[in-house]
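K.L.:
Here you go, one structure.
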Amino acid sequence: MSNRVFSSNLTSMPVFNFDRVINRFNTDSVRWDKYDSNVIPLWVADMDFASPPCIVDALKERMNHEIFGYSHSPEGLKQDIVAYLQDQFNWQIEPDWIVFVPSLVSSLYSLANNITSPKAHILTLQPVYHHILNAAKNSGRDYSAISLTNTDYRLALNPEAILRSAKSNSELIYFCNPHNPGGTVYSFDELSQIAKACEQENLIICSDEIHCGMVYPGKKHIPIASVSEYAAERTITLMSMNKTFNIPGAGLAWFICKNNDLRKKASKDLGTTIPDPQIFTYIATRSALQHGEPWRHQLMDYLEGNRQLLSDAMKNLPQLSLYKMEASYLGWISCQNLNVEDPSQLFLKSGVALQPGAMFQQNDHVRINIATPKTILNEALDRMRLALSAM
Ligand SMILES: Cc1ncc(COP(=O)(O)O)c(C=O)c1O
């Protein structure tokens, strides 16, 4: 713990090169293998940047041992998470509240079954990361998807809508902060109002906060579990270092739940149908928590530059509207004015693969992943311009 790099201690940082173009073909990349090599794939949410050297070195060191047997979580890893959350978000939790899971997505689904009764009604959101909708859809429970309110191209959950959509048997609400798609970062006031509405309806909150490490200057991430006593007792917070440090292929996730009974219920299926996390996931995550902060700072500087490139490009394309990107690298773009059935196809014809809005229940939108070197992003934005000028 003594050599841990905290956010307040970032002097004499090494410089990391986010401009380096790394060929990802023939690496079994989901993102890069889907299309021909002449297409720039800016769809799935991983980054084209090398993971921090501290993570690569830690994995290499473990590899050198040459035995990869069954393993448990390293001693002290929960303490590292506690320290990280205190340092980053001023959120005080206990190590016992943390439960490790192999992926955040599997927990989105298992929680619906494990913490609600079969007759429950579940609230989810739209537009939202497809697994957050599908977890409610596939649960066998009744569910409603609350449409987020669009205020000046900022999407947010309106607490009134929770009250309007809840039923007498509503037991659980899914929440996403920072939100995917769009990148909304909720303020303390917004979170307090949402938590209050959840309290009024006696809802458990399942809060997906996987993008919390990539908040742009001027905003800050506040875990909803930290805004009130009710929220602390009734929230299951899902987190991971996967997105921030670009390790989803070697990543770990966890949920945090203060309430013992709820935590026990939520933990059902772990170690059986949901496998235990693997050894490399622990190593990568621990290194990110302990030594990743200098890299994360420079990542955010670089992404901020890319966000600027994107928003400048959008200003010259009045047919498109970019939502406020307060966090992360996933730009959400309305193409409503184009009046085409599937705008992603239009851009694909010009050599850019964007995530079709249909994945988020909005066919006339696309999502762009800007976590790529500037040379690639600039070329993709040029191709998007070309696609529109050829219409
Ligand atoms: C909101 C959200 N939750 C979860 C995930 C995936 O988490 P994991 O890969 O740890 O299962 C993503 C990936 O894009 C995401 O955007």
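The values are calculated or read from the model by the stated rules, or taken from the named source; none is laboratory data. These figures come from a predicted structure and were not determined experimentally. Every residue, glycine as well, gets a Cβ built from its backbone with ideal geometry; the counts of neighbours run over all protein chains shown.
K.L.:
Select from region 355-391 the residues that are in a loop (DSSP other than H, G, I, E, B) and in contact with a strand residue (DSSP E or B) (Cβ under 9 Å, 6 or more places away or on another chain) and write down the one among them that is modelled with the lowest pLDDT.
P.N.:
Across region 355-391, the extreme among qualifying residues is Gln361.
K.L.:
Also: Mind telling me which of the residues Leu388, Leu377 ends up being surrounded by fewer than 22 Cβ atoms within 10 Å (Cβ to Cβ) and either touching a residue at least 60 places away in the same chain (Cβ under 8 Å) or among the hydroxyl-bearing types (Ser, Thr, Tyr) (or both)? Write out each step before concluding.
P.N.:
Working: Leu377 fails: surrounded by fewer than 22 Cβ atoms within 10 Å (Cβ to Cβ).
Step by step, each of Leu388, Leu377 is checked, and only Leu388 is surrounded by fewer than 22 Cβ atoms within 10 Å (Cβ to Cβ) and either touching a residue at least 60 places away in the same chain (Cβ under 8 Å) or among the hydroxyl-bearing types (Ser, Thr, Tyr) (or both).
K.L.:
Which of the residues spanning region 142-170 are assigned to a strand (DSSP E or B) and of a type in the set (S, T, N, Q)? Lay out the reasoning, then the answer.
P.N.:
Start the filter on region 142-170 by keeping residues that are assigned to a strand (DSSP E or B), which leaves 142-147, 149-150, 155-156, 170.
Scanning region 142-170 gives Ser144, Ser147, Thr149, Asn150, Ser170.
K.L.:
Just to verify a result, which residue in region 321-354, among those that are of a type in the set (S, T, N, Q), in a loop (DSSP other than H, G, I, E, B) and more than 16 Å from the ligand (Cβ to nearest atom), is surrounded by the fewest Cβ atoms within 10 Å (Cβ to Cβ)?
P.N.:
Initial filter on region 321-354 (of a type in the set (S, T, N, Q)): 321, 328, 334, 336-337, 339, 344-345, 350.
Now narrow it down to the ones that are in a loop (DSSP other than H, G, I, E, B): 328, 339, 350.
Next, only the ones that are more than 16 Å from the ligand (Cβ to nearest atom) stay: 339, 350.
Values: Asn339: 10, Ser350: 18.
Filtering first and then ranking leaves Asn339.
K.L.:
Please determine, by comparing only the residues of region 102-141 that are assigned to a helix (DSSP H, G or I) and touching a His at 6+ places or on another chain (Cβ under 7 Å), which one is nearest to the ligand (Cβ to nearest atom).
P.N.:
Kept after step one, since they are assigned to a helix (DSSP H, G or I), are these residues of region 102-141: 104-115, 130-137.
The next check asks that each one be touching a His at 6+ places or on another chain (Cβ under 7 Å); those that pass are 105, 108.
Details: Val105: 4, Leu108: 7 Å.
Per the criteria, the residue is Val105.
K.L.:
Taking the criterion of being surrounded by fewer than 20 Cβ atoms within 10 Å (Cβ to Cβ) and either within 13 Å of the ligand (Cβ to nearest atom) or in the same structural domain as Ala112 (by TED's automatic domain parsing) (or both), would at least one residue in region 206-213 satisfy it? Walk me through it before giving the result.
P.N.:
Initially, region 206-213 is screened for residues surrounded by fewer than 20 Cβ atoms within 10 Å (Cβ to Cβ), giving none.
Checked against the condition, which is being surrounded by fewer than 20 Cβ atoms within 10 Å (Cβ to Cβ) and either within 13 Å of the ligand (Cβ to nearest atom) or in the same structural domain as Ala112 (by TED's automatic domain parsing) (or both), region 206-213 yields no hits at all.
K.L.:
Just one of the numbered conditions (1) over 25 Å from Gln290 (Cα atoms); (2) within 16 Å of the ligand (Cβ to nearest atom); (3) in contact with a Phe, Trp or Tyr (Cβ under 6 Å, 6 or more places away or on another chain); (4) at pLDDT 95 or above is not true of Glu199; which one?
P.N.:
(2)
K.L.:
Here's another thing I want to ask about it. Please determine whether any residue of region 274-281 is assigned to a helix (DSSP H, G or I) and within 16 Å of the ligand (Cβ to nearest atom).
P.N.:
Pass one, region 274-281, residues assigned to a helix (DSSP H, G or I): 279-281.
Cutting the leftovers down to within 16 Å of the ligand (Cβ to nearest atom) gives us 280-281.
Taking every residue of region 274-281 in turn, at least one turns out to be assigned to a helix (DSSP H, G or I) and within 16 Å of the ligand (Cβ to nearest atom).
K.L.:
Going by what's in this entry, would Leu85 be described as more than 16 Å from the ligand (Cβ to nearest atom), crowded, with 19+ Cβ neighbours inside 10 Å and at pLDDT 95 or above?
P.N.:
On the way: more than 16 Å from the ligand (Cβ to nearest atom): yes; crowded, with 19+ Cβ neighbours inside 10 Å: yes; at pLDDT 95 or above: yes.
Here the answer is yes, as Leu85 does meet what is asked.
K.L.:
Residue by residue through region 264-279, note down the ones that are out of contact with any Phe, Trp or Tyr (no Cβ under 7 Å at 6 or more places or on another chain) and either buried (at least 20 other Cβ atoms within 10 Å of the Cβ) or closer than 20 Å to Pro95 by Cβ (or both). I'd like the intermediate steps shown before the answer.
P.N.:
Of all residues in region 264-279, those out of contact with any Phe, Trp or Tyr (no Cβ under 7 Å at 6 or more places or on another chain) come to 264-265, 267-276, 278.
Scanning region 264-279 gives Lys264, Lys265, Ser267, Leu270, Gly271, Asp276.
K.L.:
Confirm whether Leu42 is within 17 Å of the chain's Cα centre (by Cα), more than 22 Å from Asp28 (Cβ to Cβ) and either more than 16 Å from the ligand (Cβ to nearest atom) or at pLDDT 95 or above (or both).
P.N.:
Numbers: within 17 Å of the chain's Cα centre (by Cα): yes; more than 22 Å from Asp28 (Cβ to Cβ): no; either more than 16 Å from the ligand (Cβ to nearest atom) or at pLDDT 95 or above (or both): yes.
Answer is no for this residue.
K.L.:
Moving on to the next point. Would you mind finding the one in Ser287, Ser311 that is buried (at least 22 other Cβ atoms within 10 Å of the Cβ) and in a helix (DSSP H, G or I)? It would help to see each step written out before you state the result.
P.N.:
Details: Ser311 fails: buried (at least 22 other Cβ atoms within 10 Å of the Cβ).
Of the residues listed, the single one that is buried (at least 22 other Cβ atoms within 10 Å of the Cβ) and in a helix (DSSP H, G or I) is Ser287.
K.L.:
Report whether or not Glu190 is farther than 19 Å from His121 by Cα and either surrounded by fewer than 24 Cβ atoms within 10 Å (Cβ to Cβ) or small (Gly, Ala, Ser) (or both).
P.N.:
Numbers: farther than 19 Å from His121 by Cα: yes; either surrounded by fewer than 24 Cβ atoms within 10 Å (Cβ to Cβ) or small (Gly, Ala, Ser) (or both): yes.
For Glu190, the condition - farther than 19 Å from His121 by Cα and either surrounded by fewer than 24 Cβ atoms within 10 Å (Cβ to Cβ) or small (Gly, Ala, Ser) (or both) - is met.
K.L.:
Turning to a different aspect of this structure: Give the residues of region 45-78 that are under 30 Å from Leu354 (Cα atoms) and assigned to a loop (DSSP other than H, G, I, E, B), sorted by residue number.
P.N.:
First, pick out the residues of region 45-78 that are under 30 Å from Leu354 (Cα atoms): 45-53, 55-56.
Of everything in region 45-78, those that are under 30 Å from Leu354 (Cα atoms) and assigned to a loop (DSSP other than H, G, I, E, B) turn out to be Ala45, Asp46, Met47, Asp48, Phe49, Ala50, Ser51, Pro52.
K.L.:
In this structure, is Ile173 part of a strand (DSSP E or B), more than 16 Å from the ligand (Cβ to nearest atom) and either crowded, with 17+ Cβ neighbours inside 10 Å or β-branched (Val, Ile, Thr) (or both)?
P.N.:
Values: part of a strand (DSSP E or B): yes; more than 16 Å from the ligand (Cβ to nearest atom): no; either crowded, with 17+ Cβ neighbours inside 10 Å or β-branched (Val, Ile, Thr) (or both): yes.
Considered against the rule, which asks whether it is part of a strand (DSSP E or B), more than 16 Å from the ligand (Cβ to nearest atom) and either crowded, with 17+ Cβ neighbours inside 10 Å or β-branched (Val, Ile, Thr) (or both), Ile173 comes out as no.
K.L.:
Give the number of residues within region 210-236 that are more than 12 Å from the chain's Cα centre (by Cα) and either within 20 Å of Ser103 (Cα to Cα) or outside any loop (DSSP other than H, G, I, E, B) (or both). Spell out how you get there, then give the answer.
P.N.:
The first filter runs over region 210-236 and keeps only residues more than 12 Å from the chain's Cα centre (by Cα), leaving 216-236.
Next, only the ones that are either within 20 Å of Ser103 (Cα to Cα) or outside any loop (DSSP other than H, G, I, E, B) (or both) stay: 223-226, 229-236.
Going through region 210-236 one residue at a time, the tally reaches 12.
K.L.:
Suppose the filter is among the basic types (Lys, Arg) and away from the ligand (no atom under 16 Å from the Cβ); does Lys268 pass it? Walk me through how you get there before you give the answer.
P.N.:
Details: among the basic types (Lys, Arg): yes; away from the ligand (no atom under 16 Å from the Cβ): yes.
So Lys268 passes the test.
K.L.:
Inspect all residues belonging to region 37-48 and state whether any of them is of a type in the set (D, E, K, R) and touching a residue at least 24 places away in the same chain (Cβ under 8 Å). If you could, list the steps in order and put the result at the bottom.
P.N.:
Let us first name the residues in region 37-48 that are of a type in the set (D, E, K, R), namely 46, 48.
Now restrict to residues that are touching a residue at least 24 places away in the same chain (Cβ under 8 Å): 46, 48.
Yes, the conditions are met somewhere in region 37-48.
K.L.:
Pairs please, first residue from region 151-165 and surrounded by 14 or more Cβ atoms within 10 Å (Cβ to Cβ), second anywhere and at pLDDT below 95, Cβ atoms under 8 Å, 6+ apart in sequence or on different chains.
P.N.:
Arg154/Gly182; Leu155/Gly182
K.L.:
Take Ser51 and decide whether it is modelled with pLDDT under 95 and touching a helix residue (DSSP H, G or I) at 6+ places or on another chain (Cβ under 8 Å). Steps first, please.
P.N.:
Values: modelled with pLDDT under 95: no; touching a helix residue (DSSP H, G or I) at 6+ places or on another chain (Cβ under 8 Å): yes.
So Ser51 does not fit the description; no.
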